[in-house]
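As structure tokens, the structure follows; a few thoughts come after it.
The values are calculated or read from the model by the stated rules, or taken from the named source; none is laboratory data. These numbers were taken from a predicted model, which means no experiment stands behind them. Backbone-built Cβ (ideal geometry, glycine too); neighbour counts: all protein chains shown. Calculation scope for accessible area: heavy atoms of the full protein, side chains included, ligands and nucleic acids excluded. Shrake-Rupley method; radii C 1.70, N 1.55, O 1.52, S 1.80 Å.
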Amino acid sequence: MGHAWDRTLGIVAGLALTGCYAGSQIDVETDGASTAPTASGESGDTTDGEGSGGTDDPDVPMAECDGMVFDPGPNLARRLTVLEYGNTVEALLGVDVRVEATEQLPAELRADGFTNTSSGLITTLGHIEAYDALASLAIERMPDLSGFVGEYTSCQEFTSACESEFVERLGLRAFRRPLTEDERDALVSVFAAAQDEDETFADGAGLAMQAMMQSPPFLYRLEDETSGDGARELGGYALATRLSYLIWAGPPDAALLDAAGSDTLRTDAEIEAQVDRMLASAEARDASEAFVDDWLNLARLNGLPRDPERFPDWTTAIADAMVDETHSYFGALVWDDVRPLMDLFIAQEAWLTPELATHYGLEPQGEGIQRYDMSNQPERGGLLTQGSMLTIGGNESSMVARGLFVFESVLCQHPVSPPPGVDTTPPEIEPGSSQRDISEVRTTDATCAGCHLQFEPISWGLGRYLADGKFADEDHLGNALREDGFLRLPGSAQEYPYNNAGEMMTLLAEADATRECMASKTTQFAIGRALTGNDDCTMEQLQTRFADSDGTWRDLVVAIALSPGFRSVRVEE
Amino acid sequence: MRYRKVMPRRTFLRGAGGVAIGLPFLGAMRSTSVWGGGEEAPIRAFNLFFGLGCPTPLQTEGFAGPLEPLSEVIDNLLVVRGVDQVRGDIPGANAHYDGATVSFNAIPSEGEVQAGGPSIDQVIRRQAYPDGQPPGVTPTLLAGTWFRRSRPGRYLHSWNEDGSPADLPIERPTDLFERIFGSGLPDTNDPNEEKRLRQKRSILDSVLPQYQHMMSDASNLGQASRSRIADHLDNIREHEQRVFGEGPECELPPQPQPSTLPHEGAADPDGSGIDITIEDLTSEWRLMSDLYALAVQCDIVRFGGMTYLAAGERIRLTGDYLYQGELLHQFNDQAIHGTGGSGGCSHEFWHQFNENAENLQLRMHVHLKMRELVYFMKRLDDPTYADSNGETILHNALVSISTESGDGRHNDIVRELSGIFHAFSPAGGRLRSGEIVDANAEALDVYNTIVQQGFGLDYKMGPADRPVNIVDAILP
């Protein structure tokens, strides 16, 4: 797990629940958390749009975590990421401002391995200025503003009825829940700024839309964090928002909002059905790429340099092609072939441009990215033999960097620091040694081995791949390269030998730790924070469900969506 | 974006390549402090972080060692030795990161972008200006020059009460310029400009109450979420002030040239480090320092900080190092190490520190950083920008200087997080100055002494049940 310390252990201890959803111990919001009715006469609340429901629903089976305290973990208003913002604007208005959003919005911080870590999603002046400009741009780009407005109102006169109808109907989609009276009135007030200038109703609606796009319920994923006690099941609209941003990196569509509003997004069957519907869309495939980018830190390859003397044919176009290789590989296995996620480590195929194929020493076939059958190319195939992975660690085939990547990102482990007082001066290395030889000095040195044995032997299987991704017999110093080694799995000192990268990756693919880590990483991405010990209850259920499944992306997303932590929010006293 | 009136006197920005840019500076207009009912100087607090640290044994040499440049501003500085951050140790985390993330807040972090508590600049900011700072003053400004990218805590050193970053640090001079002065002049010839501004006002007027509601007692948000919304609201207010022309008056200076240094991902290609000349590095440092100092002088910023290289920074520096007109040293890190990549970086001199050796390279790197810190402090110490009480900004502000470790050898975490260099400006006479003192105390106690005894605040940093041990050595 990450090194996040949960400061709220006191709260968790106070919950003292014996199971994740143990009947009446969970406070389920019964109706409209707070406030005045909306103009439509239906109840709603400020942040969640909770639906009604009780805890004794026989269609909501809840497993228990034996002796473990259930805690959904700390909650934080999550600002939309740049990707999510662009997707949300397009979903709402049918206008693409992604290029401008990427240019104008500050880049996200990468923290705890992901760029959507909620604690890092702060808002700066740069964001505010960009939101202002982007909202204006989006309205300018609408090809038929009046026509669009007409989809949300039956009239286009400067009357309270027309203005309110427009604001409420579009507002439901923009805010991902019904508006409160105050929100409606605030947005309606903007119409006057157009009317006063002798502009049209549609122009007024445009101003109201700009206001919506700068309002907190649009820019943030807000949830009711105070109603109830302890851990509370999310209301329909809040759950719909979590599902849509997990699966689409975008807002709920009309069907999902309808399910939330009609309280048909509560049982496992209902949620699973929506997940399957959502996964069938193109947006889901595109959004999964965001996870891959973060999990594998593919942004590292943007403009990645290599030593021109050692790697004279390296170009940044090769680096770009390596990113495309990994994207296409993931897409094909996960979406086209619907294979288990563990096959990512062993599938004997590659997705290459002609240039990248040539770079790898393969005969190019056709234009653009093509599928290459690697059945007869044992040195290729599998995620870790792709250039996007092999370029980790600079110009050397860094055993440390590659090993740490697998250790942390594939096995979810963290190296242990040397104890105080230990001399960590690196051992003497004979000049001209191969990276493997240098690695073995570290893994046999009494001082270094305790730490380095944890992760370096993993990368020995990649020892014949150079820092530009090519497969070679010798390094630049003339040393013969090796690819044999052994793997230690978490929690065990047993060494599993392998002869080459393929065998090493097979060991990884078959290990429970790898599957569990994939689930952990994806969950972290889903909830926007590193997992802590307080997530053990949720993760136990999730891991069990995933392990009992076919292990596909769909199975993992369903396991996350049905997990207690995903469906609940911690209530603040 | 609205621009403002002429400043009567002149100072200079140094652009990339050493070209001086003349610009007039702020005239008589100066916001008075809201602190304590009418003091003559605004309350200001800045965190200056420099990467890699200064080993404790070298600190004992005083100004005869690598701390020499600090002697130039010692009248408005207190060097504090013997400050330990051992509570910052996070098992399994790297010592550079540990030390960096407790600099200025002294509480172990809870995630890579989640500090354990607020930094001292933000504590003072929130206490001094609970209802927000005067119009035109930005909530917080963070800037600097750094290259190491992994983990934001290496280069981000200003944290809110909830542990979230107080701002995102700016690393490009052109971006810092835009952040301070805005972008683009209004088209006064556009007949629609006034209409556009009226409509923008109407939009803002509909949005602001929503944020205010989210922070109110009627909100269903928890405290952490409300804090997030509160920060958003602060930034909306600043945006509003910029759009509608409220706030202090400064003339727009010429825009600096685009930086030639690598930034973002290119600045940290897989941790193997970058090659950089001292000329390029210091040119950008000084341009950033000039811009930041100008923002302070213009009373656009009162809180935040600067980063002079990230924790665990990896650069291979070359070039002649001149100090007070004399050639003091010739940097050539890669040649000294005899290798490239990460092994050729200046970082390795810290790994190789030996109390019984000369450590020449390390000394010179520290000396260089001290020189650049002094450059910035001197900008703030310019009497032409004195506050209404006749004292310089440096004298009146709390400028806190610190780093990541007291030893870079990574084989003794207690030693590594002990004796971490600290220095403070007088904060308007609230702290002692003109000396080097030995605090022999936890950083948490040093910070709490400043907050409670120096500023008289009813606020405690750190665990609620931990008593504060006052560090008399830093008090007048």
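Annotation note: of B:D320, B:D333, the sole residue that is touching a residue at least 40 places away in the same chain (Cβ under 8 Å), touching a helix residue (DSSP H, G or I) at 6+ places or on another chain (Cβ under 9 Å) and either over 28 Å from B:A443 (Cβ atoms) or of a type in the set (D, E) (or both) is B:D320. No other residue among A:R285, A:R242, A:R221 is on the phi < 0 side of the Ramachandran plot and within 14 Å of chain B (Cβ to nearest Cβ) apart from A:R221.
For region B:58-83, the candidate set comprises residues that are touching a Gly at 6+ places or on another chain (Cβ under 7 Å) and open to solvent by 40 Å² or more (accessible area, probe 1.4 Å); within that set, the residue that is farthest from B:I474 (Cα to Cα) is B:D75. Against the list (1) open to solvent by less than 20 Å² (accessible area, probe 1.4 Å); (2) in a loop (DSSP other than H, G, I, E, B); (3) among the charged types (D, E, K, R), the condition A:E325 fails is (2). If you check A:D313 against the conditions, is it acidic (D, E), open to solvent by 40 Å² or more (accessible area, probe 1.4 Å) and either in contact with a Phe, Trp or Tyr (Cβ under 8 Å, 6 or more places away or on another chain) or in a helix (DSSP H, G or I) (or both)? No: the conditions fail for A:D313.
When B:G304, B:G265, B:G271 are checked against the criterion of being within 14 Å of chain A (Cβ to nearest Cβ) and assigned to a helix (DSSP H, G or I), a single residue qualifies: B:G265. If I filter region B:352-367 for residues that are in contact with a helix residue (DSSP H, G or I) (Cβ under 9 Å, 6 or more places away or on another chain), open to solvent by 40 Å² or more (accessible area, probe 1.4 Å), more than 14 Å from chain A (Cβ to nearest Cβ) and of a type in the set (S, T, N, Q), do I get at least one hit? No, region B:352-367 contains no residue that is in contact with a helix residue (DSSP H, G or I) (Cβ under 9 Å, 6 or more places away or on another chain), open to solvent by 40 Å² or more (accessible area, probe 1.4 Å), more than 14 Å from chain A (Cβ to nearest Cβ) and of a type in the set (S, T, N, Q). Selection of region A:230-265 for residues being buried (at least 23 other Cβ atoms within 10 Å of the Cβ) and not in a helix (DSSP H, G or I) yields A:A231, A:R232, A:E233, A:L234, A:G235, A:W248, A:A249, A:G250, A:P251, A:P252, A:L265.
One line per residue, one yes/no per condition, for (1) surrounded by 24 or more Cβ atoms within 10 Å (Cβ to Cβ); (2) within 14 Å of chain A (Cβ to nearest Cβ); (3) touching a helix residue (DSSP H, G or I) at 6+ places or on another chain (Cβ under 8 Å); (4) closer than 27 Å to B:A93 by Cβ:
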residue: B:P383; (1), (2), (3), (4): no, no, no, no
residue: B:I393; (1), (2), (3), (4): yes, no, yes, no
residue: B:E404; (1), (2), (3), (4): yes, no, yes, yes
residue: B:S433; (1), (2), (3), (4): no, no, yes, no
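If you go through region A:525-552 and keep only what is closer than 18 Å to A:S288 by Cβ, touching a residue at least 60 places away in the same chain (Cβ under 8 Å), hydrophobic (A, V, I, L, M, F, W, C) and open to solvent by less than 20 Å² (accessible area, probe 1.4 Å), you end up with just A:A526. Of all residues in region A:457-473, those that are over 29 Å from the mean Cα position of the chain (by Cα), part of a loop (DSSP other than H, G, I, E, B) and either in contact (Cβ under 8 Å) with a residue 24 or more places away in the chain or within 23 Å of A:A321 (Cα to Cα) (or both) total 5.
Checking A:D293, A:D336, A:D343 one by one, the residue that is more than 21 Å from A:A501 (Cα to Cα), away from chain B (no Cβ under 14 Å) and surrounded by fewer than 21 Cβ atoms within 10 Å (Cβ to Cβ) is A:D336 and no other. B:S150 - would you say it is of a type in the set (G, A, S), outside any helix (DSSP H, G or I) and crowded, with 24+ Cβ neighbours inside 10 Å? No.
Among the residues of region B:267-282, those that are on the phi < 0 side of the Ramachandran plot and either open to solvent by 40 Å² or more (accessible area, probe 1.4 Å) or modelled with pLDDT under 95 (or both) comprise B:A267, B:D268, B:P269, B:S272, B:I274, B:D275, B:T277, B:E279, B:D280. Scanning region A:183-196 for residues that are of a type outside the set (A, V, I, L, M), farther than 26 Å from A:E223 by Cβ and either open to solvent by less than 50 Å² (accessible area, probe 1.4 Å) or touching a residue at least 60 places away in the same chain (Cβ under 8 Å) (or both) yields a total of 1.
Restricted to region A:95-158, the set of helices (runs of 4 or more DSSP H) holding at least 3 residues that are over 26 Å from A:S288 (Cα atoms) and either open to solvent by less than 20 Å² (accessible area, probe 1.4 Å) or among the small types (G, A, S) (or both) comprises A:125-141, A:145-150.
Looking across region A:159-182, the residues that are farther than 14 Å from A:A202 by Cα, open to solvent by less than 20 Å² (accessible area, probe 1.4 Å) and assigned to a helix (DSSP H, G or I) come down to A:G171, A:A174, A:F175.
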